[in-house]
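The values are calculated or read from the model by the stated rules, or taken from the named source; none is laboratory data. Because the structure is predicted, anything quoted here is derived from the model rather than measured. Positions of Cβ are generated from backbone atoms using ideal geometry, with glycine treated the same way; all protein chains shown enter the neighbour counts.
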Amino acid sequence: MNEKELNELSKARIFKRISNAEIESLMDCIQGRIRTYSRNSYVFSAGDEIREIGIVMEGQLEVLNTDYWGNDAVINLIGPGEIFGEAYASDDSEPLPNDIKALKDSKVLFMNMTRILTTCQKSCSFHNQLIQNLYMIATRRNRYMNRKISHMSKRTTREKLLAYLSDEARMQGSRHFMIPFDRQQLADYLSVERSAMSAELSRMQKDGLISFHKNEFTLR
C-alpha cells in the first residue's frame, strides 16, 4: 500500500487514532485488499453472501433497493471514508437485501470481518482501537436509520421534507446548508414521487418556508 492510499485511509473514521504505520501493519491481520470499480458497475448484488466489509477510498457508491418490476429506490449513499456491509459480513448473517453500485469511478478497501473482530496473539492496541471505532460507526449508523424512519413516517410530502431539512440544519449547525442528494435521490430517500416533491419544494419556497438552488438550502 502506497503513501497516498495510507493518507486516504487515515482520514476515515474507522481508522481514527491509528497511525499510517499501524494501518499498514493491520492490513495483513485483517486481510485487506483494494479493488477499483468503474461508474455504474456493481460492488455487491442483492442475494450475495459476504464476509468482508468495505470502505470507500475514492468515488461514491449507492445502496439500491429494486422491486419486482425493476424500479430502484436509493437507500443510502456511501462516500470516501465511509464503510458498508458491516451488518451482513458474518458467518451467521443473511444474504444482502440490496444492490451496492458505483455512482462514479471508485476505489474500495475490503477487510475480513472475522479477522477484524478476532485480535491476534500480539493483541495490538491499534487493533483494539479499530474494533472500538467499528462499534462507534455502527451506533452512528443506527442513529441515521432512526432519523430516516422518522422522516419517512410523516404523512405528507411537505411534512417529510420539513422533517428532513430541519434535521440537516440542526446537524450542520446552520439554517443555510448543503444536502448530499440530487432531486431523484432525495425523492428516493423520502419514498415520494419526484415531480410531486419538486412541486412541493416550489410551494414551500413561495410560502416563505425555504429558499434553494440545486442542493443548497436555506430555512426561512
statement: When restricted to 82, 94, 86, 159, the only residue of a type outside the set (S, T, N, Q) and in the same structural domain as residue 198 (by TED's automatic domain parsing) is 159
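Each row is one residue, and each column tells you yes or no for (1) surrounded by 15 or more Cβ atoms within 10 Å (Cβ to Cβ); (2) among the acidic types (Asp, Glu); (3) out of contact with any helix residue (DSSP H, G or I) (no Cβ under 7 Å at 6 or more places or on another chain); (4) assigned by TED's automatic domain parsing to the domain that holds residue 101.
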{"site": "163", "(1), (2), (3), (4)": "yes, no, no, no"}
{"site": "167", "(1), (2), (3), (4)": "no, yes, no, no"}
{"site": "184", "(1), (2), (3), (4)": "no, no, no, no"}
{"site": "191", "(1), (2), (3), (4)": "no, no, no, no"}
{"site": "210", "(1), (2), (3), (4)": "yes, no, no, no"}
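Residue-by-condition table, conditions (1) surrounded by 15 or more Cβ atoms within 10 Å (Cβ to Cβ); (2) of a type outside the set (Lys, Arg); (3) in a loop (DSSP other than H, G, I, E, B):
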site	(1), (2), (3)
36	no, yes, no
43	yes, yes, no
49	no, yes, yes
55	yes, yes, no
64	yes, yes, no
69	no, yes, yes
76	yes, yes, no
message: I'd like the full set of residues that are in contact (Cβ under 8 Å) with a residue 60 or more places away in the chain and more than 29 Å from residue 99 (Cβ to Cβ), limited to region 27-45.
response: 29
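Which members of region 152-174 meet the condition of being among the basic types (Lys, Arg) and under 18 Å from residue 198 (Cα atoms)?
Initial filter on region 152-174 (among the basic types (Lys, Arg)): 154-155, 158, 160, 170.
154, 155, 158, 160 - these are the residues of region 152-174 that are among the basic types (Lys, Arg) and under 18 Å from residue 198 (Cα atoms).
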task: State all residues of region 121-148 that are outside any helix (DSSP H, G or I) and either surrounded by 12 or more Cβ atoms within 10 Å (Cβ to Cβ) or in contact (Cβ under 8 Å) with a residue 24 or more places away in the chain (or both); if no residue qualifies, say none.
output: 124
message: So if I check each of 21, 12, 46, which one is within 23 Å of residue 72 (Cα to Cα), at pLDDT below 95 and among the aliphatic types (A, V, I, L, M)?
response: 46
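Residues checked against (1) more than 13 Å from the chain's Cα centre (by Cα); (2) farther than 20 Å from residue 106 by Cα; (3) aliphatic (A, V, I, L, M); (4) at pLDDT 95 or above:
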{"residue": "26", "(1), (2), (3), (4)": "yes, yes, yes, no"}
{"residue": "38", "(1), (2), (3), (4)": "yes, no, no, yes"}
{"residue": "59", "(1), (2), (3), (4)": "no, no, no, yes"}
{"residue": "64", "(1), (2), (3), (4)": "no, no, yes, no"}
{"residue": "67", "(1), (2), (3), (4)": "yes, yes, no, no"}
message: Among the residues of region 173-220, what is the count of those that are touching a Gly at 6+ places or on another chain (Cβ under 8 Å) and more than 18 Å from residue 159 (Cβ to Cβ)?
response: 1
query: In region 99-116, how many residues are in contact with a strand residue (DSSP E or B) (Cβ under 6 Å, 6 or more places away or on another chain) and crowded, with 19+ Cβ neighbours inside 10 Å?
result: 10
message: Checking the condition assigned by TED's automatic domain parsing to the domain that holds residue 65 and either over 30 Å from residue 8 (Cβ atoms) or among the aliphatic types (A, V, I, L, M) (or both), which residue from 111, 197, 171 passes?
response: 111
- prompt: Which one of the conditions (1) closer than 15 Å to residue 47 by Cα; (2) among the charged types (D, E, K, R); (3) outside any strand (DSSP E or B) does residue 101 fail to meet, given that it meets all the rest?
  reply: (3)
